[in-house]
Amino acid sequence: MAKKDIFYKNYIYSISYDIVNFNATRDIVFLHGWGSNKEVMKSAFASHLEDFRHIYIDMPGFGNSNNDQVLCTQDYANIIQIFLDELDSKPEVIAGHSFGGKVATLLNPKYLVLLSSAGIVEEKPLDVKIKIALTKILGKLGLKEFTKIFRTKDASNMSQNMYETLKNVVNEDFSEVFANFSNTAVIFWGINDKATSLQSGKTIAKLIKHSTFNALGGDHYFFLKHSKFISEIIDGLD
């Protein structure tokens with residue numbers, strides 16, 4: 001593991017990263033999903049794609065990378081771009097899982113690999129809508145501390161700034177961003193994904209003009225079981 005300090009909007013972000021196949025001449029970047037880290041991506045792909053130099057990144061606020069600011073997805077993309085510039089990396093391929101898929105799309109690589117990407121705003125269940133409404137009411141009443149009881153299990157241990165960041169990114173509609181992506185995209189999805197629905201994947205595939213879509217067995221982390229197949233497709237990109 002290595003770290004590199006990145007200066008962005010008057011703050012320093014210490015970005016943790018790993019490089020695999022250091023002497024390869026083609027770069028591929030892996031961006032994890034919300035609540036995850038580079039180790040998940042590394043466990044799936046490090047033993048594949050031997051012709052690529054792999055760059056695995058902990059995005060700010062995850063793994064071993066710090067963050068004490070409230071960010072949106074564009075901020076994440078800007079920080080990662082500065083980081084890649086500091087490494088003198090011009091990645092041919094960027095692969096992003098879930099939230100990382102949104103960041104990857106904004107980075108506009110020659111080849112975009114989406115793994116159950118976030119970015120399509122889906123209808124929320126009634127119980128979630130009620131919790132959101134109650135949270136807003138308590139916030140307006142100055143009782144923000146009590147809103148923590150309505151947070152999901154995954155969000156309950158977040159710092160306040162990361163919780164505010166989550167609220168920013170979860171409601172971003174990336175339909176226009178996907179539609180404006182003009183390079184080649186390869187999209188993979190878990191058939192039984194409950195976090196980002198299969199229909200969302202099909203929608204993204206329709207929005208990105210030059211894309212192919214692959215539905216594979218599994219849930220939101222389907223790529224852990226299908227990394228060899230996904231890597232073979234990436235190896236064939238030209």
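Since every read-out is calculated from the coordinates, none of them should be taken as a lab result. All values derive from a computational prediction rather than experimental measurement. Because the Cβ atoms are built from the backbone with ideal geometry, glycine has one as well, and the counts that use them run over all protein chains shown.
The chymotrypsin sites (Phe, Trp or Tyr not before Pro) of the range 19-53 that DSSP puts in a loop, and whose beta carbon has at most 15 other beta carbons within 10 Å, are PHE22.
Tell me, what is the FRET efficiency for LEU198 and ASP5 to the nearest 0.05, using R0 = 35 angstrom and their Cβ-Cβ distance as r? Calculated transfer efficiency: 0.30. For the modelled label position 7 Å from the Cα of ASN180 along Cα-to-Cβ, which residues of the range 71-85 have backbone nitrogen atoms closer than 15 Å? 73-75, 77-78, by backbone N distance to the label point.
Taking label positions 7 Å along the Cα-Cβ direction at both SER14 and THR212, the computed distance is 4.3 nm, reported to one decimal.
With neighbour counts taken as other beta-carbon atoms within 10 Å, the residues ARG53, ARG26 rank, fewest first, as ARG26, ARG53.
Overall, the anisotropy analysis places the range 162-238 in the oblate class: the square-rooted eigenvalues a ≥ b ≥ c of its C-alpha gyration tensor yield a/c not less than 1.5, with a/b not exceeding b/c. Per residue, the chain reaches -10000 deg cm²/dmol at 222 nm when only DSSP H runs of four or more residues are counted, each adding -39500 (n - 2.57).
Taken one residue at a time, the phi angles of the range 191-206 give Karplus couplings (6.51, -1.76, 1.60, θ = phi - 60°) of 4, 9, 5, 9, 7, 10, 5, 4, 4, 4, x, 5, 5, 4, 4, 6 Hz. Gly and Pro are set to x. Once the chain from GLU172 to ILE233 is taken as fully extended at 0.36 nm per residue, the excess over their C-alpha distance is 19.0 nm.
Charge dipole (Cα centre; +1 on Lys/Arg Cβ, -1 on Asp/Glu Cβ; no other charges) of the chain amounts to roughly 800 debye. Sorting THR203, THR212, THR196, THR25 by the number of Cβ atoms found within 10 Å of their own Cβ, with the fewest placed first, yields THR25, THR212, THR203, THR196. Applying the Karplus relation 6.51 cos²θ - 1.76 cosθ + 1.60 with θ = phi - 60° to the range 177-183 yields 3J(HN,Hα) values of 4, 5, 5, 8, 6, 9, 8 Hz, where x marks Gly and Pro.
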